[in-house]
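Q: Structure below; questions to follow.
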Amino acid sequence: MAAHAAIRPRRGLSTNGWGLPVTIGIAYGLYAPVIARRGGPLSWGQLWLGLVSAVVLAVAIHTLRTRGRALPRELRAGAWAVLAGGATGFLFSLSDHSVFSSSMLGAIVGAGTFAATFYLFYTHEDARGRPAPY
């Protein structure tokens, strides 16, 4: 008989890994209504905009952090690029800029994010292409 007991992994909801996504989501959710109100009084619609923006971004970041390792490095970097570019373009569009300029800024941020995350994922994997166990 073994001197130690094996720890069985828990299944279900865990709060592990929610700190960073929630912090980023709250900051994003607080900033979105500030841009949308343009110096005027705060309305219920702007509060809902901030709440929904915060929840969507936090869940998307958490999902990519927990489930992203199943994707190959190209798709994983592309997913982070779409998330960062889309979030940036959305915030920029709230300040009454054109759809073209918002899309271009989102594409530029997305391209930079893709390059940085692809480099990170490529340099932190083993010889068989599997992600590092960190």
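The values are calculated or read from the model by the stated rules, or taken from the named source; none is laboratory data. Keep in mind it's a predicted model, so treat the numbers as computed, not measured. Glycine gets a Cβ as well: all are built from the backbone with ideal geometry, and neighbour counts include every protein chain shown.
Q: Can you name the condition, by its number, that TYR28 falls short on among (1) surrounded by 14 or more Cβ atoms within 10 Å (Cβ to Cβ); (2) without any contact (Cβ under 8 Å) to a residue 60 or more places away in the chain; (3) of a type in the set (Phe, Trp, Tyr)?
A: With respect to (1) surrounded by 14 or more Cβ atoms within 10 Å (Cβ to Cβ); (2) without any contact (Cβ under 8 Å) to a residue 60 or more places away in the chain; (3) of a type in the set (Phe, Trp, Tyr), TYR28 is out only on (2).
Q: Pairs under 7 Å by beta carbon, first residue without any contact (Cβ under 8 Å) to a residue 40 or more places away in the chain in the range 97-116, partner of a type in the set (Lys, Arg) and surrounded by fewer than 13 Cβ atoms within 10 Å (Cβ to Cβ), six or more apart or different chains?
A: Note: no pairs meet the criteria.
Q: So which residues in the range 42-59 are out of contact with any Pro (no Cβ under 7 Å at 6 or more places or on another chain) and either crowded, with 18+ Cβ neighbours inside 10 Å or at pLDDT below 95 (or both), if there are any at all?
A: Across the range 42-59, the qualifying residues are SER43, TRP44, GLY45, SER53, ALA54, LEU57.
Q: Given the criteria buried (at least 18 other Cβ atoms within 10 Å of the Cβ) and either modelled with pLDDT under 95 or in contact with a strand residue (DSSP E or B) (Cβ under 7 Å, 6 or more places away or on another chain) (or both), does PHE114 qualify?
A: no
Q: Go through (1) under 13 Å from the mean Cα position of the chain (by Cα); (2) hydrophobic (A, V, I, L, M, F, W, C); (3) modelled with pLDDT under 95 and name the single condition ALA132 misses.
A: That leaves (1) as the condition not met.
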